[in-house]
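Worksheet: the structure to be examined is printed underneath.
Nothing in this text is a laboratory measurement; each read-out follows from the coordinates by a stated rule. Quick caveat, the model's predicted, so the values are computed rather than measured. Backbone-built Cβ (ideal geometry, glycine too); neighbour counts: all protein chains shown.
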């Protein structure tokens with residue numbers, strides 16, 4: 001009898017503990033839920049006032065006006081009156097995994113499954129549902145007959161669905177002229193395949209294709225004449241070889257003439273504005289873009305403009321976003337001050353003027369190319385310590401509006417259009433789509449900065465435990481500060 005009582009007591013305690021954990025998790029586990037009353041920005045250009053939508057088993061199944069949704073018996077109901085809902089964003093240009101954010105360091109040793117998941121959780125916290133890693137650390141040929149031995153973390157994680165984290169996809173390590181790839185921290189500088197001959201290109205693309213990347217990233221940039229860069233015969237060979245495997249190519253370049261050559265070769269993606277850094281779009285490059293579309297020759301051309309830093313540098317010594325609660329929840333006061341507060345305070349009027357001019361010039365180039373048929377999509381270029389993972393997505397949105405896009409165009413670009421490039425089943429609030437959405441306390445169509453006023457985030461129909469994540473990060477910052 002005593003044994004039976006002890007067993008009953010144990011089971012009761014275990015049940016209470018389990019219920020307490022469920023209550024503390026902040027994650028809704030209902031499989032069928034009706035959300036009602038919000039202004040719904042669907043991601044495809046439509047807005048539904050006083051909306052209703054049904055989520056079943058992680059997907060949207062009905063979307064319309066409140067009262068028109070036919071829910072099964074027992075469905076949970078969530079009143080979102082006064083809120084605005086939009087789809088989660090998709091980031092096509094991030095260098096995730098290398099940063100140890102609490103410590104403020106970068107290294108190859110940091111590139112672990114756990115750290116990548118942390119970065120995907122940070123994206124989820126900020127309303128990003130999926131991301132593509134660029135220049136990722138993954139085992140490849142060392143181009144000398146051996147292997148780098150860098151593991152397969154990104155290949156495993158892209159096949160996982162981690163609760164409370166953005167989906168992760170990879171474009172692999174990238175390709176470069178030896179030494180002329182990613183700049184910045186040395187941990188990323190040798191990740192890419194180094195190629196200097198057409199034969200090396202063929203071997204490298206064959207090896208690259210085995211991991212089935214989202215696209216092959218290449219660097220075509222002489223860094224203001226300081227480096228030799230990938231010549232046209234090599235990037236043309238890369239595109240030709242990639243075509244054989246059905247893999248698109250994305251590029252980092254700066255100069256007008258390189259943009260023309262890359263467009264003629266069939267490159268599809270640009271991981272910065274194609275014409276920038278003092279060069280300007282001309283009628284010839286506009287004609288090449290329009291001709292590709294007319295001939296149906298790689299007609300899908302997309303760009304992550306990368307103007308967020310110029311926009312941030314143009315906002316004065318004390319921009320309002322430095323005091324944003326969203327930023328303070330995910331980065332320490334010391335880091336915010338070190339990475340942006342102090343540098344902005346030290347900007348001279350001349351430097352601020354150059355930032356504004358760069359934003360105007362490069363943004364103007366981008367808007368001309370967009371009018372010709374290139375799509376603007378979401379990309380942050382996060383990967384260096386100063387670039388805030390997650391928060392930078394909102395800075396990107398503000399930079400798009402600053403260069404001339406409307407808030408609605410900006411939202412479509414960062415949700416529906418980015419999801420299509422990444423081939424993820426999200427980006428719009430529509431039946432059969434994955435139930436990835438953000439609940440906002442203010443309307444971003446009035447002011448794009450309102451995307452930062454996040455109330456809740458849902459991925460695959462489950463609420464992201466944002467308070468729990470923020471508490472974890474703040475604890476890590478406090479621990480790091482004592483070392």
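Here the extension length gained between residue 183 and residue 62 equals 38.9 nm, from 0.36 nm per residue of separation less the Cα-Cα distance.
How would the chain be classified by its alpha-carbon gyration tensor: rounded, prolate or oblate, with rounded meaning a/c under 1.5 and the a/b versus b/c comparison settling the rest? It is prolate, given that a/c is not under 1.5 and a/b is the larger ratio. Contact order, relative form, for the stretch 249-342: 25 percent (alpha carbon pairs under 8 Å, 6 or more residues apart, mean separation divided by residue count).
The order of 350, 56, 241, going from fewest to most other C-beta atoms within 10 Å of their C-beta, is 350, 56, 241. Listed by Cβ neighbour count within 10 Å, with the fewest neighbours leading, 300, 414 appear as 300, 414. Think of it as helices only: each DSSP H run of n ≥ 4 in the chain is worth -39500 (n - 2.57), and spread over all residues that comes to -11000 deg cm²/dmol at 222 nm.
Angle of helix 391-402 to the longest C-alpha principal axis of the chain, folded into 0 to 90 degrees and rounded to 10: 60°. For the stretch 100-130, backbone nitrogen atoms closer than 16 Å to the point 7 Å from residue 441 Cα along Cα-to-C-beta are found at 126-127. Label-to-label distance, residue 224 versus residue 354, with points set 7 angstrom from Cα along the beta-carbon direction: 0.7 nm. Counting only DSSP beta bridges with both residues in the chain, the antiparallel share comes to about 50 percent.
Helix 2-24 and the longest principal axis of the Cα set of the chain meet at an angle near 50°. Mean separation of Cα pairs under 8 Å and 6 or more residues apart, divided by the residue count, gives the stretch 312-421 a relative contact order of 27 percent. Using only Cα atoms, tell me the angle between helix 283-295 and the longest principal axis of the chain; keep it within 0 to 90° and round to the nearest 10. With rounding to tens, the tilt is 60 degrees. For the pair residue 112 and residue 197, the difference between a 0.36 nm per residue extended length and the Cα-Cα distance amounts to 27.3 nm. Note on the stretch 238-291: percent of Cα-Cα distances in each 10 Å bin, starting at 0 and stopping at the bin with the largest distance, equals 25, 54, 20, 2. With Cα atoms defining each centre, the stretch 315-389 and the stretch 415-452 are spaced 22 Å apart in the structure.
Does the stretch 312-405 classify as rounded, prolate or oblate by the C-alpha gyration tensor (a ≥ b ≥ c root eigenvalues; a/c under 1.5 gives rounded; else a/b over b/c gives prolate, otherwise oblate)? Note, shape of the stretch 312-405 comes out oblate.
Model label points for residue 288 and residue 425, set 7 angstrom from Cα along the Cα-to-Cβ axis, are 3.8 nm apart.
Per residue, the average separation of C-alpha pairs within less than 8 Å and at least 6 apart gives the stretch 90-422 a relative contact order of 19 percent.
Subtracting the Cα-Cα distance of residue 77 and residue 142 from 0.36 nm times their residue separation leaves 17.9 nm of extension gain. Taken over the C-alpha atoms, the stretch 66-159 has Rg and Dmax values of 19.7, 66 angstrom.
By the count of neighbouring beta-carbon atoms within 10 Å, fewest first, 216, 288, 247 end up ordered 288, 247, 216.
Here the peptides 428-435, 330-337 are ranked by packing, the mean other Cβ count within 10 Å, and the order with the highest first is 428-435, 330-337. Taking label positions 7 Å along the Cα-Cβ direction at both residue 49 and residue 152, the computed distance is 5.5 nm, reported to one decimal.
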